[in-house]
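Below you'll find the structure, written out as structure tokens, and then a few comments.
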Amino acid sequence: MVKVITYGTYDLLHYGHIRLLERAKALGDYLIVGVTSDDFDRTRGKINVQQSLAERIEAVKSTGLADQIIVEEYEGQKIDDIKRYGVDIFTVGSDWEGQFDYLKDYCKIIYLERTEGISSSDIRSKERELTMGIVGDYASYINKFQQEDKYVNGIKIVGICTENLEEMNKNIKTFPVITKSYNELLKSVDSVYVSANLENRYELIKHALDENKHVLSASPMCQNEKELKELFDLANNKKLILMEGVKTAYSTAYSRLLLLVKAGQIGKVISIDVTCTDMRYSSDKDYKMKSFERWGSNALLPIFQILGTDYKNHRIIAHFSDSQKSQDEFTKIDFIYDNAVASLKVAEGAKSEGELIITGTKGYIYVPAPWWKTDYFEIRFENQNDNRRFFYQLDGEGIRYELLAFTRSIQEEKKIEYIDEKTSISISKIAREIKENKNVIEI
Ligand code: C2G
């Protein structure tokens, strides 16, 4: 019996895929099809896959051509599969010509002519492309963000609105719309990314929603929980997407970490210690961001997402800049829950180890600095032999995953919820307390 194996994503299964599978099947007596897992696709840079692994497997199954379907999950699996299943022929489309020649020590390699004129990307981009505008003041943020739409099918950044045009001009791409007028920007787009100063965000988000635009906003979205609740209600009533952009929340490593914690891998969580600091911009006199504004949401995220937002008590301790009284150079917040505690430290004017430690009754999770853009973490136990390490791919610091979740949410008319509204609202409550100097102990 001649065994043939082929691999692919098979997203939105089309004629090109089916022709390939037919010819692959005809090469032998038994066809094994390896369908790539979502994680593996992300690792190899394919983040636009529309269908879930289960849907893609189902589609391949429905062709009736595969005798066996397996899942491709990791780099190097092909050699393992070929040996394990006793494969005689490996085949794949000619778009991969030469790239799998290294398998020739294990079996015969055949590249089949790719079918011209059809591809999953074509089918995906036939859906109308959404447009996005950026409103904001910080060149360093906008610079990063504007690069990321090329990785996400279905959305294109077409404009920018900034007060800071002269300064910004050096950094921004040539967008069709470059303006100081927010109204002009809103007229030209379906959605906006709000990256302006915290105190302006509420007005900017509200204005965009009023104009029926979807909004992705830097975090915290507001300095007032009531205002944020009002914005969510407005968005929900108008069936618009309003999403909080904390890029860590959208990263694979962080999402997996949450799942492992929720699955009880470290027992009951008893304490969370989280630190985020940065001094890169502290000497830049135009940079007005304060510690909490810059880092608060990131640091609150694991606390609120693991322990919830119903803390019994909390205490905010802040050190303000000598020259600018409104700038918290360092802020520490302690939370007391019924059966747990949490503590965060954020700083723009002080430096510390930016790590995350989640203490549980069976073990702990350690995420090394800078934990907010990690691709790696460890679960550690008393017995070191039980320790496990987890590695994931993180591209574009997570911005492209955030943009992808936003785009998909608009397309599917349903928010893909990485950060729920309760968490966002609780973050804005703490932002208000710091702004109003309420519950704050000054040092
Ligand atoms: N294909 C084709 N003609 C097309 C499109 C795709 O012949 N118009 C072939 C591809 O060459 C591949 C298979 O159909 O052999 C599946 O294509 P994709 O789903 O795009 O998967 P791909 O990323 O090519 O995965 O490690 C190798 C990969 O797993 C192959």
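General observations
- Filtering segment 416-432 to residues that are of a type in the set (Val, Ile, Thr) and over 17 Å from the mean Cα position of the chain (by Cα) leaves Ile425, Ile427, Ile430.
- Pairs where the first residue, in segment 133-153, is assigned by TED's automatic domain parsing to the domain that holds Glu184 and the second is at pLDDT 85 or above and open to solvent by 50 Å² or more (accessible area, probe 1.4 Å), C-beta under 6 Å, 6+ apart: Asp149/Lys156
- Sole exception among (1) within 12 Å of the ligand (Cβ to nearest atom); (2) without any contact (Cβ under 8 Å) to a residue 40 or more places away in the chain for Gln77, by number: (2)
- Evaluation of Glu113 against (1) open to solvent by less than 20 Å² (accessible area, probe 1.4 Å); (2) farther than 16 Å from Ile32 by Cβ (one fails), failing number: (1)
- Filter pass, Asp278 being over 19 Å from Lys415 (Cβ atoms), in contact (Cβ under 8 Å) with a residue 60 or more places away in the chain and open to solvent by 60 Å² or more (accessible area, probe 1.4 Å): no
- Residue satisfying all of: in segment 42-61; β-branched (Val, Ile, Thr) and more than 12 Å from the ligand (Cβ to nearest atom); modelled with the highest pLDDT among these: Ile57
- Scope segment 83-97; condition within 13 Å of the ligand (Cβ to nearest atom) and over 15 Å from Lys25 (Cα atoms); matching residues: Ser94, Asp95, Trp96, Glu97
- Scanning segment 10-29 for residues that are crowded, with 22+ Cβ neighbours inside 10 Å and either at positive phi or near the ligand (Cβ under 7 Å from one of its atoms) (or both) yields a total of 4.
- Some residue of segment 263-272 being closer than 20 Å to Ile425 by Cβ, assigned by TED's automatic domain parsing to the domain that holds Pro370 and not in a helix (DSSP H, G or I): yes
- Residues that are of a type in the set (Lys, Arg) and crowded, with 17+ Cβ neighbours inside 10 Å occur at least once in segment 237-250.
- The numbered conditions (1) open to solvent by 50 Å² or more (accessible area, probe 1.4 Å); (2) assigned to a helix (DSSP H, G or I); (3) away from the ligand (no atom under 12 Å from the Cβ) are all true for Met1 except (2).
- Answer from Asp105, Asp39 - the residue that is loosely packed, with under 11 Cβ neighbours inside 10 Å, more than 13 Å from the ligand (Cβ to nearest atom) and more than 18 Å from Ile18 (Cα to Cα): Asp105
The values are calculated or read from the model by the stated rules, or taken from the named source; none is laboratory data. In this text the structure is predicted, and so the values were computed from the model without any measurement. All Cβ positions, even for glycine, are placed from backbone atoms using ideal geometry, and neighbour counts span all protein chains on display. Side chains are part of the model used for accessible areas, which takes the heavy atoms of the whole protein and leaves out ligands, DNA and RNA. Shrake-Rupley method; radii C 1.70, N 1.55, O 1.52, S 1.80 Å.
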